[in-house]
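Undergrad: Just passing along the structure, written as structure tokens.
Every number here is computed from the coordinates shown, using simple stated rules; none is lab data. Keep in mind it's a predicted model, so treat the numbers as computed, not measured. Neighbour counts run over all protein chains shown; Cβ positions are idealised from the backbone, glycine included.
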Amino acid sequence: MKFAKSRLKKYLFLDFAHYKYYKAGMGGIQMQKRNKRKKSSTLKKILLSILAVYVVYVFIQQQMMLNSYKEQEKYYIAKINEEKAKAERLERLKTLYSTDLYIERIARDKLGFIKPGERVFIDISNR
């Protein structure tokens, strides 16, 4: 008869985990606490997994934005260097245009001015 009782108790439990707790002397309340802890730990794992996925997502988004900003920085640095070179070239032209030699040459070539006492020879063979 003792064999039949133990066998009956064994078949009352659907899975081996519950039978193991019953065998160890844990009653219904203790098993309920264990199940609650198990459910809360599963919920914690799920929440931590979601948080980890979110952190990875934010990290990837920030890296993409950072790469975009670095490309923009390179573009603007190149533009600044171009503008500096252009400003330097214009500064050299400014100093060249303000010299007396350049002004005199433009006055002679473009405007046809001559210095006092100079003789002008006109070549008529090319006309």
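Undergrad: So which pairs qualify, if the first residue must be in region 93-114 and exposed (fewer than 10 other Cβ atoms within 10 Å of the Cβ), the second must be not in a helix (DSSP H, G or I), the Cβ gap must be under 9 Å, and the two must be at least 6 apart or on different chains?
TA: Gly112/Val120
Undergrad: Let me spell it out: the conditions are (1) of a type in the set (Gly, Ala, Ser); (2) surrounded by 10 or more Cβ atoms within 10 Å (Cβ to Cβ); (3) outside any helix (DSSP H, G or I), and Ser49 meets all of them except one. Which number is the exception?
TA: (3)
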